[in-house]
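Visitor: Got a structure here, written out as structure tokens. Questions coming.
The values are calculated or read from the model by the stated rules, or taken from the named source; none is laboratory data. As the structure is a prediction and not an experimental result, all values here were calculated from the model. Glycine gets a Cβ as well: all are built from the backbone with ideal geometry, and neighbour counts include every protein chain shown.
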Amino acid sequence: MRHCFSKWYTDEFGPKEIRYNIPWSMQLYCKRHCLEAYLFCWKEDSGWSIDADYEVKFVGKRKSFGVKGTVRFDGYESFANHMLPFAKANSHLVNDKLKVEWRIKINKMTGFDDEDSSGNKENDDIVLKVKEEKFEVDKKFLAENSTYFNNLFFKSSDESGKTEIELEDVDPQEFKKFLKVLREEEPIDDETVEEILKLADKYDSKNALKRCEEFLIDKSKKPLKMKFNAAIQYKLNKLKKNCMSNMESKEDIQEIAEEDARHFNASVWKELLQKALSLD
């Protein structure tokens, strides 16, 4: 679960979300010298318990701070919490907002209809094998960020129920960077943007594509021809419009046209011609 707290200094609650058929919510509680991050389990009756491992992360623009632990949720104490000094909290603010992420791995549930179950299987972690490396991922989180993985985990009868799936035709280091970008653990930069674009397209991750597009428009020092080719190849219309407005000479257009432009269709060539004529 993730939430960006815009009023973190006012004991703000995040929205309730249903996980494992149970409502949960997050809160930041502002004390005198620190913040307390809470994760509440809102199951109302008694006679139940959930034993779990957790990780709470405070996600900044270029770094994140995380703490792991174990917790028991039950009818008497149905929350997990962690204290964060104000100095640490301030170092992770982005535009005066604090992004918090809780990850829960349920180990045992008692007092539920199916005591042998650790919750809804669609929410369990799964191992993705990429060549010789293995990545443990949250199926629901990855499915929310990728149409490919949503279909793989929840709509493919061949892969349904598996605890490990092998991915082909992908470099493990590139996939690791892709996961970190999705989790907002690392920013996109000029060294990684092309790798992230390739995997975002491969796995149909609209969120990752959008973030790459925003980076290429606002921050990247990549040459114009690279940006324009990426805009056409990955159908990034805002980036294409930005590139067209930044073409200041016929030499700029010629340099783009001399690239491997087999993926340019007639409409793209028409736009380039119109731009060239406007520069006369």
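Visitor: State all residues of the stretch 140-161 that are part of a helix (DSSP H, G or I) and at pLDDT below 85; if no residue qualifies, say none.
Guide: If we filter the stretch 140-161 for residues that are part of a helix (DSSP H, G or I), which is where we start, we get 140-144, 147-154.
Lys140, Phe141 - these are the residues of the stretch 140-161 that are part of a helix (DSSP H, G or I) and at pLDDT below 85.
Visitor: I'm trying to understand the selection: among the residues of the stretch 16-42, which are in contact with a Ser or Thr (Cβ under 9 Å, 6 or more places away or on another chain) and modelled with pLDDT of 85 or more? Please lay out each step first, then the result.
Guide: Here is the first cut: in the stretch 16-42, the residues in contact with a Ser or Thr (Cβ under 9 Å, 6 or more places away or on another chain) are 16-17, 20, 28, 30, 38-42.
Of everything in the stretch 16-42, those that are in contact with a Ser or Thr (Cβ under 9 Å, 6 or more places away or on another chain) and modelled with pLDDT of 85 or more turn out to be Leu28, Tyr38, Leu39, Phe40, Cys41, Trp42.
Visitor: Something else about it: Does Ser267 satisfy the condition of being small (Gly, Ala, Ser), out of contact with any Lys or Arg (no Cβ under 6 Å at 6 or more places or on another chain) and within 29 Å of Lys176 (Cβ to Cβ)? First the steps, then the outcome.
Guide: Working: small (Gly, Ala, Ser): yes; out of contact with any Lys or Arg (no Cβ under 6 Å at 6 or more places or on another chain): yes; within 29 Å of Lys176 (Cβ to Cβ): no.
Answer is no for this residue.
Visitor: Give the residue that is surrounded by the fewest Cβ atoms within 10 Å (Cβ to Cβ), with candidates limited to residues of the stretch 22-41 that are touching a Gly at 6+ places or on another chain (Cβ under 8 Å) and over 17 Å from Asp96 (Cα atoms).
Guide: That would be Ser25.
Visitor: Let me ask something else. When you check Leu182 against the structure, is it under 25 Å from Val59 (Cβ atoms), at pLDDT below 90 and crowded, with 18+ Cβ neighbours inside 10 Å, yes or no? Before the answer, list the steps.
Guide: On the way: under 25 Å from Val59 (Cβ atoms): yes; at pLDDT below 90: yes; crowded, with 18+ Cβ neighbours inside 10 Å: yes.
Yes.
Visitor: With Glu115, Glu164 as the choices, which residue is modelled with pLDDT under 85 and not polar (S, T, N, Q)?
Guide: Numbers: Glu164 fails: modelled with pLDDT under 85.
None of the other options fit; the residue is Glu115.
Visitor: Quick one: in the stretch 10-36, which of the residues that are part of a strand (DSSP E or B) and among the β-branched types (Val, Ile, Thr) is farthest from the chain's Cα centre (by Cα)? So that I can check it myself, show each step before the final result.
Guide: From the stretch 10-36, those part of a strand (DSSP E or B) are 13, 17-19, 22-30, 34-36; that's our starting set.
Add one more test, that the residue is among the β-branched types (Val, Ile, Thr), and what stays is 18, 22.
On the way: Ile18: 19, Ile22: 23 Å.
Applying the filter and picking the extreme gives Ile22.
Visitor: Quick check on Lys7: is it over 29 Å from Lys108 (Cα atoms), under 26 Å from the mean Cα position of the chain (by Cα) and without any contact (Cβ under 8 Å) to a residue 40 or more places away in the chain? Can you show your working first?
Guide: On the way: over 29 Å from Lys108 (Cα atoms): yes; under 26 Å from the mean Cα position of the chain (by Cα): yes; without any contact (Cβ under 8 Å) to a residue 40 or more places away in the chain: yes.
Answer is yes for this residue.
Visitor: Can you name the condition, by its number, that Arg62 falls short on among (1) without any contact (Cβ under 8 Å) to a residue 40 or more places away in the chain; (2) outside any strand (DSSP E or B); (3) surrounded by fewer than 14 Cβ atoms within 10 Å (Cβ to Cβ)?
Guide: (1)
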